[in-house]
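Single-structure report; data block below.
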Amino acid sequence: MSRSAGDKVPTMVDVARRAGVSPSTVSYAMTGSRPISEATRLRIQQAMLDLGYRPNVFARGLKSKRSHIIAVLFPKNEHERGMNLGSMEYIFGASDHAQDRGYHLLLWTSGADALDDLAGLAQQGLVDGVLLMEVRLKDPRIEVLRNSELIFTMLGQNADPGDLDYVDTDFDQCARLAVEHLVGHGHRHLGFVHQDAATIASGRGNAIRLRDGMLRAAREAGVALTALTCRSHTAGGRKAFAELLAADPRTTAVIAFNEQATPGLMAAAVAQGRRIPEDFSVVSIDMPAQAAQMTTPTMTTVGPVAADMGKAAAEMLIRRIEGQRLSAPSQLLFDGELVVRASSGPAPEPR
């Protein structure tokens, strides 16, 4: 039954009146707190459909003592990276799957060090579990969640996850894939444009793991790698290109892990007379397909599908919430996929 904007929203009393039962019987049918006959339950369900009644999410959760709400903890304005398209892909993947499983997602963007606020959220009982994003190697939020006994799953991992559940990218594998792609095209002097210095100093797990993996991959391949931090905006990318050439003028390719800065890096290369990819190749780590298609030329990328990782993390968390038996702990690494587009190609001939 559809309603116009001016129609009165039906209540439980309206449902009871239409079904010919008491409001308490409607409540019993919704929560399962007392048995009712199948005929009465079906009559109440039909009355809800006829009236277009939608029970409150908290009322629906009374039977199981659950709210069916999951909080996604994404630190607000941590340094300057913020929430990019890649971050949203993880969240949308988790949200879509959670809705399919009867849960709602709440995006909570308090600062990473707002531990009192986090403790308050955990104690109020408003959420059934937490997806923890932007995880640091030493992340104080983990101890707060452990102490609160609130179920959580990490999108990322700390230094020693032990018995904690997580879904993460295999950054060693991604680093090798990117380096091998460029080395296979004859590049011997590579650059690595990373996150900003404050993010590295904070101990962000993904940034540290990829940096270390990139250094290992270059060393194993026997090629030179200039690694530098970069502010997460277009101007930062332009500055990073100049710093790369100053450090190693023979650099012919760069691997970037900074979605916001990469367009500036490419623009600086073109402004210096470097054609992409004829003179200079660019590969981006963990850039979603939507963003990769918007660069000029389109971006060669290495990384897993973020939405799939978000879905896997949501499913892992929901199974814990619902008490299903899982291996303890449940830990999953996603391999990256190389998608070759127009930004990478053979190394230029020496001048």
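The values are calculated or read from the model by the stated rules, or taken from the named source; none is laboratory data. Predicted model only: the values in this text are computed from it and were never measured. Here Cβ is always computed from backbone atoms with ideal geometry, including for glycine, and neighbour counts include all displayed protein chains.
The numbered conditions (1) crowded, with 20+ Cβ neighbours inside 10 Å; (2) within 26 Å of ARG341 (Cα to Cα); (3) within 18 Å of the chain's Cα centre (by Cα) are all true for ASP170 except (1).
This table checks each residue for (1) surrounded by 16 or more Cβ atoms within 10 Å (Cβ to Cβ); (2) outside the structural domain of GLY310 (by TED's automatic domain parsing).
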{"residue": "SER148", "(1), (2)": "yes, no"}
{"residue": "MET154", "(1), (2)": "yes, no"}
{"residue": "HIS181", "(1), (2)": "yes, yes"}
{"residue": "GLY191", "(1), (2)": "yes, yes"}
{"residue": "ALA198", "(1), (2)": "no, yes"}
{"residue": "GLY203", "(1), (2)": "no, yes"}
{"residue": "ALA217", "(1), (2)": "yes, yes"}
{"residue": "GLU220", "(1), (2)": "no, yes"}
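If we keep just the residues of region 321-351 that are in contact with a Leu (Cβ under 7 Å, 6 or more places away or on another chain) and surrounded by fewer than 18 Cβ atoms within 10 Å (Cβ to Cβ), which is modelled with the lowest pLDDT? Filtering first and then ranking leaves PRO329.
Checking each residue in region 59-76 for being at pLDDT 65 or above and assigned to a helix (DSSP H, G or I) picks out no residue at all.
Being in contact with a Gly (Cβ under 8 Å, 6 or more places away or on another chain) and surrounded by fewer than 17 Cβ atoms within 10 Å (Cβ to Cβ) is a condition met by no residue of region 287-299. Whenever a residue of region 227-241 is assigned by TED's automatic domain parsing to the domain that holds GLU259 and within 17 Å of ALA271 (Cβ to Cβ), its partners that are of a type in the set (Ser, Thr, Tyr) and part of a helix (DSSP H, G or I), lying with C-beta atoms within less than 8 angstrom and at least six residues away or across chains, give the pairs GLY237/THR262. Just give me the residues in region 1-58 being assigned to a helix (DSSP H, G or I), at pLDDT below 85, within 39 Å of the chain's Cα centre (by Cα) and of a type in the set (S, T, N, Q), in sequence order. Result: SER27, THR31.
Yes/no per residue for (1) closer than 17 Å to GLY184 by Cα; (2) at pLDDT below 95; (3) touching a Pro at 6+ places or on another chain (Cβ under 9 Å):
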residue: GLU243; (1), (2), (3): no, no, no
residue: VAL254; (1), (2), (3): yes, no, no
residue: GLU259; (1), (2), (3): no, yes, yes
residue: LEU265; (1), (2), (3): no, no, no
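Residues that are part of a helix (DSSP H, G or I), closer than 17 Å to MET299 by Cβ and out of contact with any Ser or Thr (no Cβ under 6 Å at 6 or more places or on another chain) within region 239-262 comprise ALA240, PHE241, listed in sequence order. What do you reckon, is ASP279 at pLDDT 95 or above, in contact with a Pro (Cβ under 6 Å, 6 or more places away or on another chain) and either at positive phi or surrounded by fewer than 22 Cβ atoms within 10 Å (Cβ to Cβ) (or both)? Here the answer is yes, as ASP279 does meet what is asked. Taking strands (runs of 3 or more DSSP E) as the structural unit, those lying wholly within region 299-347 and holding at least 2 residues that are of a type outside the set (A, V, I, L, M) and more than 22 Å from VAL254 (Cβ to Cβ) correspond to 331-334. For region 299-309, the criterion of being under 20 Å from GLN173 (Cβ atoms) and charged (D, E, K, R) is met by at least one residue.
For region 102-139, what are the residues that are surrounded by fewer than 16 Cβ atoms within 10 Å (Cβ to Cβ), modelled with pLDDT of 75 or more, in a loop (DSSP other than H, G, I, E, B) and in contact with a Pro (Cβ under 9 Å, 6 or more places away or on another chain)? Selection gives THR109 alone.
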